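Below is one structure, written out as structure tokens; comments come after it.
The values are calculated or read from the model by the stated rules, or taken from the named source; none is laboratory data. Bear in mind that the values here come from a model prediction, so they are computed numbers and not experimental data. Positions of Cβ are generated from backbone atoms using ideal geometry, with glycine treated the same way; all protein chains shown enter the neighbour counts. Keep in mind that these areas ignore ligands, DNA and RNA; they rest on the heavy atoms of the full protein, side chains included. Shrake-Rupley method; radii C 1.70, N 1.55, O 1.52, S 1.80 Å.
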Protein chains: 4
Amino acid sequence: MSSPQDTLLQLFATLVARKSAAPETSYAASLYTKGPDAILKKIGEEAAEVLLAAKNLERGGTHGELVHELADLWFHTLVLLAAYDLPLHSLTQELERRMGRSGLDEKAARAAGEH
Amino acid sequence: MSSPQDTLLQLFATLVARKSAAPETSYAASLYTKGPDAILKKIGEEAAEVLLAAKNLERGGTHGELVHELADLWFHTLVLLAAYDLPLHSLTQELERRMGRSGLDEKAARAAGEH
Amino acid sequence: MSSPQDTLLQLFATLVARKSAAPETSYAASLYTKGPDAILKKIGEEAAEVLLAAKNLERGGTHGELVHELADLWFHTLVLLAAYDLPLHSLTQELERRMGRSGLDEKAARAAGEH
Amino acid sequence: MSSPQDTLLQLFATLVARKSAAPETSYAASLYTKGPDAILKKIGEEAAEVLLAAKNLERGGTHGELVHELADLWFHTLVLLAAYDLPLHSLTQELERRMGRSGLDEKAARAAGEH
């Protein structure tokens, strides 16, 4: 099992590499070829599936199904970043900045970083 | 600047810690108190805002605005994970598994992991 | 050309009739058979496509494409109503009630109804 | 109680009239002033709320709550039509056309129109 960093960096590197691949060789490559709207449509779809999977937890749905849909949603946001030539750390830095900016969550975030 | 891993682990640890905080002390704590529907509603909203920010790139919108909305979307998916007591690595492991399973993206993923 | 009423009532009557049709004979019948999640997923998808089509107006997209996506969205909300055995007028009555309730829009709504 | 036609035409006429109203006098007028993105964001939000309300039917949610969210969704699609100066019949004609075009649903639609 890789650390979260390894996984995200590795997956993102793969997705960036797929930008120069032939569309028929990779799902990600086929999305880049179709263009941003195809990627954005998938983000809309996967967000809807996250909602449904979460609500289905109350009626026999599994955590695995919810995690599956969340992974699909993250996957397509990473494809979007790559499509616009944005680096992964632009996203994680923004998450970092908002921990600092929020005020409310700032102290706990710092505490978590100190040990 | 932290690594993506540091940021995500630190933010997630903060969000988990917020589960026992008073709702008025933290935005995340207020979401947990409102319940899953409030979190899911935000995921739906933020997905819509990602779509709009991406389309606005074609007309003067900035990469910063898109990254801002993507960070909002990831933030709320992390709150959802925490709300359901799911660990962060359940999500990253699923992303890892799908690199291996997809067939199409598998080879590049392995190559990226070899160095 | 039918009036909006004729069209909606006729379409809704068709969709209700499709509840007892074999799934392979009709798109609506296939959705009922798949169950509410399939219909809800389509509503999420079509909402995303409305957003994209509206934003594409700013870059060469046509009104026809936007109207097409809006019609898809309305179509699937009508399928949802039928799936839950709710009458069409439950929706239009709610729209009517909110004109009366809103305060802000009430006067114009009444004026429009008086002539 | 008005017919569905009366309600939709009356509501739509109201919403069109609100295009020249001061933003502080009407919710719809405030949306026009904020611009298309504000309307589109609401469509994304309301679609998410339809999903949640429908899933909540399985756990004590009411038909009234679902109908309420569907009415919110239709309301904002009508605001969008008005914002782009599109007539209501462009939407209902498209719904009509697709009944005719679908093949599968065509016969029942015609039958419903014959009596």
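Here are a few things to note about the model shown:
- Look at where the Cα atoms of segment D:1-62 and of segment B:1-63 average out, and the two centres are 26 Å apart.
- Plainly put, the tip 7 Å out from Cα toward Cβ on D:Leu57 is 2.3, 3.1, 3.8 nm from that tip on each other copy, the closest given first.
- Projecting the Cα atoms of B:Leu40, B:Leu11, B:Ala21 onto the charge dipole of segment B:1-93, computed from C-beta unit charges around the Cα centre, puts B:Ala21 farthest toward the positive end.
- Interface A:B - total buried accessible surface [probe 1.4 Å, Å², rounded to 100]: 5800
- Interface residues, segment D:41-55 - accessible area loss of 10 Å² or more versus chain alone, probe 1.4 Å: D:Lys41, D:Ile43, D:Gly44, D:Glu45, D:Ala47, D:Ala48, D:Glu49, D:Val50, D:Leu51, D:Leu52, D:Ala54, D:Lys55
- Neighbouring Cβ atoms from other chains, within 10 Å of the Cβ of residues in C:67-78, number 6 on average.
- Listed by chain and number, the lysines whose alpha-carbon sits under 19 Å from that of A:Lys55, ignoring those within fewer than 8 places in the same chain, are B:Lys34, B:Lys41, B:Lys42, C:Lys34, C:Lys41, C:Lys42, D:Lys55.
- The solvent-accessible area of B:Lys41, taken with every protein chain present and a 1.4 Å probe, is close to 70 Å².
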